[in-house]
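Report on one structure; see the data block that follows.
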Amino acid sequence: MRRFLFLFIVLAFGVSPVFSQKVLTLEEATAAVLSKNYGILLAKNDSVANALDVNYVDWAMAPRVNATLGAVRNNNDQRQEFSDGTVRERDNVKSTNLTGSVGLNWLLFDGKRMFIAKERTLEIARTGELVVKAQVVNTVAEVRNVYFNIVRQKQQLKAIEEQMSVSEERVKVADRKLSTGLGSKPELLQAKVDLNAQKARQLQQQTAIAQQKELLDQLAGGQLGTDFDVVEGIQFDNNLNINEITQNIASTNPSLLLAQRNIGIAQLTLREHEASRYPTLSFSSAYNLGLTDNKTVVNPFQPLTSGSKGFNYGLTANIPILNFRQERRNMEATKISIEGLQLSLKDQQTAIGTGLRNAFRAFEYQLQALKLEEENIELAKENVVIALERFKQGVSTYLELREAQKSLEDAYDRLIAARYNAKVAETEVLRLKGDLVR
């Protein structure tokens, strides 16, 4: 009984040394990635560029006011010949012309194109927000998968080290048997070969953990490093309801929302083309100043100085008559684009619905498999303990113990894979639902 208890403790805790590392939770890893992930930052940059137009969209309908100033200095040689034969000539005739004006132009009516353009600009800005959300959802899903893959690889490492403890005990027993003449050299050699193979798997597993930590650090923009540990437990959301998710998927999935928004933008573009067929009405007004200063004149009837100032205003109507059906061509092209976007939306709805149902089925299957494997692992552990005791007592061969070890190894592989696959399936359901971020 004491031997059984000792072996159980060895199997439970393994032989790996304990290092003091900062434990990084999933929430902390996600927060770090959301703050520094380059894909998210690029998506946000595009969204900010779209939002910049919104800040100025109202000014697009405001009147335009412009001022102009001009000054021209002239220095000319002049010659004038009149009908009576008189000729007057002057050299270096100098004059200065000054002009100035303030003008206002205001588009009063353009078939409501300006209002449609404003609405389209707002929709494009909202589209940028959806692009950012879609990028965030996909990135968070990737973070979860990488994080829980580290958990998976650590569990696999622990299972390997538990197996190593059994193999080390097996080597010791085989060595004692050989020294007392009750065992054989091949038995000891095979035990050492199996132990070395497990040590190689241990190194391979440690490398896999380091690689996954590097990947998580890359997602976080290099701010995490690799000197951290993870929370080893994997918890599941048992409240997922496939019917509820399916019914609301059109209003929660970022990709579907983005496709719907693109259709709306295309429809606004069509309305803009339709509005182009209407006349436009503009109001214009200006205040003008002018001054001419002649230092000398050739013609005595020409003034030395002259000036003008005044205010004018008016309305201008632009009526489209013939543009070789350009707007009709634009409208037909936009209608075809809308039909294509609508077909694409239906295709996405079908693909996302299928992916959602398959992910949920995988989630349910992996949870059921997990229950079976949790039962199997206990049976396999007990079988190894019994086989090792029988091997020590000489009532069984090393082949029986090796078979029990292989059975435990396979049970661990299936158990750990079921945990991870169930979490990946759960993450995929939440990603398609769009519920990984709020």
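Computed values, structure above
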quantity	calculated
Whole-Å semi-axes of the ellipsoid equivalent to the range 177-314 (Cα gyration tensor, √5λ, descending)	90, 32, 14
Least to most buried among Val33, Val131 (fewest other Cβ within 10 Å first)	Val131, Val33
Residues whose placed amide H lies under 5 Å from that of Val93, excluding near-sequence neighbours	Asn76, Asp77, Gln78
Amide H contacts of Phe109 (H built 1.01 Å from N, under 5 Å, at least 5 apart or other chain)	Leu281
Rounded, prolate or oblate (a/c below 1.5 giving rounded, otherwise prolate when a/b exceeds b/c) for the range 223-300 by Cα gyration tensor	oblate
Spatial extent of the range 289-396: Rg and Dmax, with the Cα atoms as the point set, Å	45.5, 140
Charge sum, other residues only, whose C-beta stays under 10 Å from Ala29's C-beta, Lys/Arg counted +1 and Asp/Glu -1	-2
Qualifying trypsin sites (Lys or Arg not before Pro) in the range 239-294, DSSP loop, other Cβ atoms within 10 Å at most 15	Arg277
Above-threshold pairs, the threshold being 28 Å between Cα atoms, out of Lys36/Lys423; Lys371/Lys433; Lys22/Lys406; Lys22/Lys158; Lys22/Lys381	Lys22/Lys406; Lys22/Lys381
Rg to Rh quotient for the range 58-143, alpha carbon positions, Kirkwood Rh	1.53
Helix-only mean residue ellipticity at 222 nm for the chain, each DSSP H run of n ≥ 4 adding -39500 (n - 2.57), per residue, nearest 500	-23500 deg cm²/dmol
Local electrostatic count, Gln260, Cβ distance below 12 Å [Lys/Arg +1, Asp/Glu -1]	+2
Net lengthening on full extension, Leu189/Asn97 (0.36 nm per residue, minus Cα-Cα)	22.1 nm
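Any read-out appearing in this document is the output of simple, stated calculations on the displayed coordinates, not a laboratory observation. Because the structure is predicted, anything quoted here is derived from the model rather than measured. Methodologically, a virtual Cβ is constructed for each residue, glycine included, from the backbone with ideal geometry; neighbour enumeration extends over all protein chains shown.
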